[in-house]
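Note sheet for the following structure.
The values are calculated or read from the model by the stated rules, or taken from the named source; none is laboratory data. This one's a predicted model, so the numbers in the text were calculated from it and none came from an experiment. Note that we place each Cβ from the backbone using ideal geometry, even for glycine, and neighbour counts take in every protein chain shown. When the accessible area is computed, the model is the full protein with side chains, heavy atoms only, and any ligands, DNA or RNA have been set aside. Shrake-Rupley method; radii C 1.70, N 1.55, O 1.52, S 1.80 Å.
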Amino acid sequence: MILFMSIAFLGWLNIFAAVYDESANQSIFDMTLNSGRQLFFMASSIILIIAIMVVDFKFYDTFAYIIYGVVIFLLILVVFVAREISGANSWLEIGPLRLQPSEFAKFATALAVAKYMDSAGFRMDRLSKQIVLFIIIGLPAILIIAQGDTGTALVYSVFVLVFFREGMSPMLLILGVAAAIIFVLTLLVPNHLYLYIGIAATAAVIILFIKKRTFKKIGLVLAGALIIAGVIRSVDYVISDVLRPHQQNRIKALINPDADPLGYGWNVTQSKIAIGSGGFAGKGFLKGTQTKFDFVPEQSTDFIFCTIGEEHGWFGSLLTISLFVTLILRIIYISERQKWRFARVYGYSVACIIFFHFAVNIGMTIGLFPVIGIPLPLFSYGGSSLWGFAILVFILLKLDSHRMQVLVR
């Protein structure tokens with residue numbers, strides 16, 4: 001709770017720093033500013049937390065599928081009724097309040113996954129069970145992609161780590177990492193002939209060192225080499241014909257932001273300038289020039305880490321990263337001590353979701369990951385995001401508080 005509140009409080013201060021205008025003599029409590037509205041979301045999240053802690057802990061297990069179903073309905077509703085905001089149809093508008101169901105879909109999916117994996121007779125090594133799990137995480141991801149928010153949909157890929165923790169073969173992780181490496185290499189090496197030569201050489205070496213070579217083993221190696229070559233061949237098609245223009249620009253900005261510093265490379269270039277200009281100790285609270293003159297867009301949301309780097313420097317960045325790492329490790333510790341599989345799986349889901357947001361958000365601000373619109377948990381401005389993470393964390397704390405009362409299957 002201390003870590004949660006510390007991160008949220010520091011986030012609130014940095015949101016104010018991101019929108020502060022010295023000439024206007026603004027107050028951090030001003031409800032016309034993002035900082036004032038964020039304070040309202042922080043206060044209202046206390047009501048959510050109290051409700052979570054008051055409800056019987058068995059509620060989250062008993063009604064996991066119902067909660068998941070309600071959120072899926074809201075995601076479908078958003079596709080048809082939401083108006084486009086910043087290129088995505090992701091918000092339900094209720095009077096002056098805007099809610100983003102995709103933020104609540106994370107805890108609902110975590111509950112559904114935990115419920116299914118805790119069901120009687122569940123075995124992680126059964127293909128049929130794995131297919132159901134991928135349907136559970138794939139359905140909200142597909143609906144969120146339909147809203148035009150591919151970045152948020154990518155969050156659901158991190159559930160694979162939870163499956164791996166619970167006994168799934170690591171082969172899927174290995175294949176995923178290999179596919180990502182191949183994708184990046186294809187973008188970095190313009191002449192694909194070198195990649196094909198490398199694949200052929202690697203396949204030849206593998207075949208050479210295979211003990212008791214058989215046609216089946218050689219065939220598998222050659223089939224793998226052909227599949228990799230096919231992936232390389234398809235990357236250009238995916239970039240040119242599948243991705244939207246703004247998504248293509250994000251890939252280009254990741255590979256070489258200096259190629260168009262005033263166009264698609266602007267966000268990343270300015271972000272790195274802002275973070276680097278902070279030096280060791282930063283320019284001081286409310287003293288960031290890159291922030292004040294709006295060089296970096298989405299300063300209080302997607303690029304909030306720029307404010308930390310510029311105004312608090314390396315030291316402030318280290319402190320922020322340390323708080324997040326400590327929070328994630330604490331959640332893993334809480335998850336690992338659970339005797340109830342439902343609570344353990346849910347806890348690891350929470351840790352993985354926060355880790356994905358934390359790593360990708362900071363990664364995209366320093367040019368290590370494409371800009372995909374992922375907020376920094378509890379730090380970035382946004383009511384739905386703050387409420388969603390508050391629900392995620394405090395359901396886990398509620399389950400943990402009753403860990404000694406659960407009968408293990």
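Quick one: accessible area per residue over the range 1-139, 1.4 Å probe, rounded to a whole number of Å²? The answer is 51 Å² per residue. Less than 5 angstrom separates the built amide H of Val189 from none of the residues sequence-distant by 5 or more or on a different chain. Each residue of the range 158-167 was assigned a 3J(HN,Hα) from its phi angle through the Karplus expression (A = 6.51, B = -1.76, C = 1.60, θ = phi - 60°), giving 6, 5, 4, 5, 5, 4, 4, 4, 8, x Hz with x at Gly and Pro.
Approximating the spin labels as points 7 Å out from Cα along Cα→Cβ, the Ala281-to-Ala24 distance works out to 3.1 nm.
Once you have a ≥ b ≥ c as the square roots of the Cα gyration tensor eigenvalues for the range 39-82, tell me rounded if a/c is under 1.5, and otherwise prolate or oblate according to whether a/b is larger than b/c. Oblate is the answer for the range 39-82, as a/c is 1.5 or above yet b/c matches or exceeds a/b.
The portion of the accessible surface of the chain made up by carbon and sulfur, rounded to a whole percent, is 70 (1.4 Å probe; DNA, RNA and ligands excluded).
Out of Ala141, Ala225, Ala105, any idea which swings most in a Gaussian network model of the chain, alpha carbons joined below 10 Å? Comparing Ala141, Ala225, Ala105 in a Gaussian network model of the chain, the most mobile one is Ala225. Based on C-alpha pairs under 8 angstrom that are at least 6 apart in sequence, the range 168-247 has a relative contact order of 36 percent. What residue among Gly265, Gly167, Gly69 has the largest mean-square fluctuation in a Gaussian network model of the chain, using Cα springs under 10 Å? In this elastic network of the chain, the residue with the biggest mean-square fluctuation among Gly265, Gly167, Gly69 is Gly167.
Full extension of the chain between Phe59 and Leu97 gives 10.9 nm of extra length, using 0.36 nm per residue less the Cα-Cα distance. When you restrict to C-alpha pairs under 8 Å that are six or more residues apart and normalise by the size of the chain, the relative contact order lands at 25 percent. Evaluated with a Cβ-only charge set (Lys, Arg +1; Asp, Glu -1), the range 132-223 carries a dipole of roughly 680 debye about its Cα centre, given to the nearest 20. Whole-Hz Karplus values for the range 314-324 come out as 4, 5, x, 5, 4, 4, 4, 4, 5, 4, 5 Hz, taken residue by residue from phi with 6.51 cos²θ - 1.76 cosθ + 1.60 and θ = phi - 60°; glycine and proline positions read x. The phi-based Karplus calculation (6.51 cos²θ - 1.76 cosθ + 1.60; θ = phi - 60°) puts the 3J(HN,Hα) values of the range 333-346 at 4, 4, 5, 5, 8, 6, 8, 9, 4, 4, 5, 5, 5, 4 Hz, whole numbers, x for Gly and Pro. For the set His357, His192, His312, solvent exposure ranked by accessible area (probe 1.4 Å, protein chains only) runs largest to smallest as His312, His192, His357. In this Cβ point-charge picture (+1 for Lys and Arg, -1 for Asp and Glu), the range 37-164 has a dipole of about 120 debye about its Cα centre. Taking a ≥ b ≥ c as the square roots of the eigenvalues of the Cα gyration tensor of the chain, is the shape rounded (a/c under 1.5), prolate (a/b larger than b/c) or oblate? Here the chain falls in the oblate category.
For the pair the range 385-404 / the range 333-361, the C-alpha centres are spaced 10 Å from each other.
Going by the alpha-carbon gyration tensor, a ≥ b ≥ c the square roots of its eigenvalues, is the range 128-245 rounded (a/c under 1.5) or, if a/c is not under 1.5, prolate (a/b greater than b/c) versus oblate? Oblate is the answer for the range 128-245, as a/c is 1.5 or above yet b/c matches or exceeds a/b. Under a 10 Å cutoff between Cα atoms, tell me which one of Ala18, Ala179, Ala108 has the largest fluctuation in the Gaussian network model of the chain. In the Gaussian network model the winner is Ala179. Its residue count N sets the reference 2.2 N^0.38 Å, and the alpha-carbon radius of gyration of the range 1-86 equals 1.50 times that reference. Remark: the chain carries a charge dipole of roughly 1940 debye about the Cα centre, counting +1 on each Lys and Arg Cβ and -1 on each Asp and Glu Cβ. Once the chain from Thr32 to Ile197 is taken as fully extended at 0.36 nm per residue, the excess over their C-alpha distance is 53.4 nm. Each helix, a run of at least 4 DSSP H residues, gives -39500 (n - 2.57); summed and divided by the residues of the chain, these come to -22000 deg cm²/dmol at 222 nm. Rolling a 1.4 angstrom probe over the protein heavy atoms with all chains in place gives the range 327-388 an accessible area of 27 Å² per residue.
In the chain, taking the dipole from charged Cβ atoms about the Cα centre, the farthest positive-side position among Trp340, Ala110, Pro375 is held by Trp340.
Under 5 Å from the amide H of Ser90 lie the amide H atoms of Ile85, each residue being 5 or more positions distant or on a separate chain, with H modelled from the backbone and absent for Pro and chain starts. The distance linking the range 1-70 with the range 282-298 is 23 Å (Cα centroid to Cα centroid, whole angstrom).
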